[in-house]
Amino acid sequence: MKLRTRSSAKKRVKFTGSGKIRLQKSSKSHLLINKSKRQKKLMPGGKETSRGNEVNIRLMMPYGK
């Protein structure tokens, strides 16, 4: 039987060119008008996953790099 990719993971996870997994950071998508300029400036764009999470994400996305 064909494996299925989880839609929730597909929307939140990106693979880098070298095969590492990047997640988007929280608090960057909406309600930005209530946050200070400093707070928005210090929010990084994304982060790489830890080894423990990587195993679970690869199970959810079997056809990722």
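Only the coordinates and a few stated rules stand behind these numbers; no lab work does. Keep in mind that what you see is a predicted model, and the values were worked out from it rather than measured. Backbone-built Cβ (ideal geometry, glycine too); neighbour counts: all protein chains shown.
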Handout entry: In degrees, nearest ten, helix 51-60 long axis to first principal axis of the chain (Cα)
Key = 60
Exercise for the section: Run a plain Debye calculation on the chain (Cα atoms as equal point scatterers, no solvent) and give log10 I(q)/I(0) at q = 0.15 Å⁻¹, rounded to two decimals, same order as the q list. Expected result: -0.57
Exercise for the section: Please give every one of the lysines within straight-line cross-link reach of LYS47, meaning a C-alpha to C-alpha distance under 27 Å, and leave out same-chain neighbours fewer than 8 residues apart. Expected result: LYS10, LYS11, LYS14, LYS20, LYS25, LYS28, LYS35, LYS37, LYS65
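Rank these for me by crowding, ILE57, ILE21, going from fewest to most other beta carbons within 10 Å. Spell out each step's value before the answer.
Details: ILE57 17, ILE21 20.
Listing ILE57, ILE21 from fewest to most nearby Cβ atoms yields ILE57, ILE21.
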Exercise for the section: Answer with one residue from LEU59, SER8, MET43: the one whose Cα lies farthest towards the positive end of the charge dipole of the chain, charges on Cβ with Lys, Arg +1 and Asp, Glu -1. Expected result: MET43
Handout entry: Sequence of MET43, MET61 once ranked by neighbouring C-beta atoms within 10 Å, starting from the fewest
Key = MET43, MET61
Fill in the blank from the handout: Highest GNM mean-square fluctuation among ARG51, ARG22, ARG12, for the chain with Cα springs under 10 Å, belongs to ARG51
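Would you order LYS40, LYS11, LYS2 from fewest to most other beta-carbon atoms within 10 Å of each residue's own beta-carbon? Show your work: numbers first, answer last.
Working: LYS40 11, LYS11 8, LYS2 5.
Placing the least packed residue first, the sequence is LYS2, LYS11, LYS40.
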